[in-house]
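Every number here is computed from the coordinates shown, using simple stated rules; none is lab data. A quick note: this is a predicted structure, and the numbers were derived from the prediction, not measured. Quick reminder, even Gly has a Cβ in these numbers, built from the backbone with ideal geometry, and neighbours come from all protein chains shown.
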Amino acid sequence: MFRRIKIFFFLVLLLLLGGILGALWFLPGVFSAKATPPEWEVKAARYIRHLATPSHFLKMSNPLHLTPEVLGDARHHFADHCATCHANDGSGKTAMGPNFYPPVPDLRDPVIQDMTDGELFYVIHHGIRFTGMPAWGKGDPSEDTESWKLVFFIRHLPNITPEEIAEMKTLNPMTQEERDEQAALDRFLSGEDIAPSPSHDHHH
């Protein structure tokens with residue numbers, strides 16, 4: 001019975017949002033990704049996401065045990081796959097993060113941290129339609145240990161250290177130009193590319 005009520009409200013919200021979007025279709029700038037989502041839209045999207053998450057996921061706790069190795073794996077995975085949009089510290093302050101609609105959220109925010117382990121896992125594994133959040137999970141959710149490790153890392157973000165951030169910077173994806181610049185800098189710092197001092201001819 002309760003599930004039917006949830007489905008009913010979910011459908012009503014979808015109809016309301018559909019009607020509002022239809023009415024706004026011809027207004028200038030409505031579909032610009034540069035716009036800031038109004039508060040009602042943010043709250044409605046969160047509520048719909050919550051309703052759309054299967055109840056058994058809402059109640060799930062992380063099945064993995066938190067160890068330094070598990071957190072390290074998650075940190076490396078986050079730096080390589082997630083930080084381009086979310087930033088190493090989870091702030092979302094990257095070249096792309098603020099330019100999505102809606103903008104990439106700050107993962108340290110209490111709204112995110114208050115989500116259950118299962119909710120976080122569901123978002124990571126399945127992604128979110130009509131946003132920039134892809135589905136990272138592959139295969140059966142019960143075998144997706146990488147996403148569960150990332151849940152631990154998201155919980156850790158409010159307390160991440162400068163040392164961890166520095167390590168993650170070495171793991172972030174780079175363009176070929178950035179790799180060449182880094183290689184040149186490494187050669188310079190190791191003394192390989194120190195240019196010889198110009199010779200001075202003395203004429204008497």
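Can you find, among SER142, PHE152, THR53, the residue sitting farthest towards the positive end of the charge dipole of the range 36-188, where Lys and Arg contribute +1 and Asp and Glu -1 at Cβ?
THR53
Just subtract the alpha-carbon distance of MET174 and HIS81 from 0.36 nm times their residue separation and send over the number in nm, one decimal. Write down the numbers at each step before the final one.
Working: separation 93, 0.36 × 93 = 33.48 nm, distance 1.18 nm.
Taking 0.36 nm per residue and subtracting the Cα distance, the gain is 32.3 nm.
When only DSSP loop residues count, what trypsin sites (Lys or Arg not before Pro) in the range 138-172 have their Cβ near at most 11 other Cβ atoms within 10 Å?
Values: sites: LYS138, LYS149, ARG155, LYS169; in loops: LYS138.
In loop regions of the range 138-172 (DSSP not H, G, I, E or B), the sparsely surrounded trypsin sites (Lys or Arg not before Pro) are LYS138.
Report the full-extension gain for the segment SER91 to ARG49: residue separation times 0.36 nm, less the Cα-Cα distance, to one decimal in nm.
Working: separation 42, 0.36 × 42 = 15.12 nm, distance 2.10 nm.
That works out to 13.0 nm of additional length.
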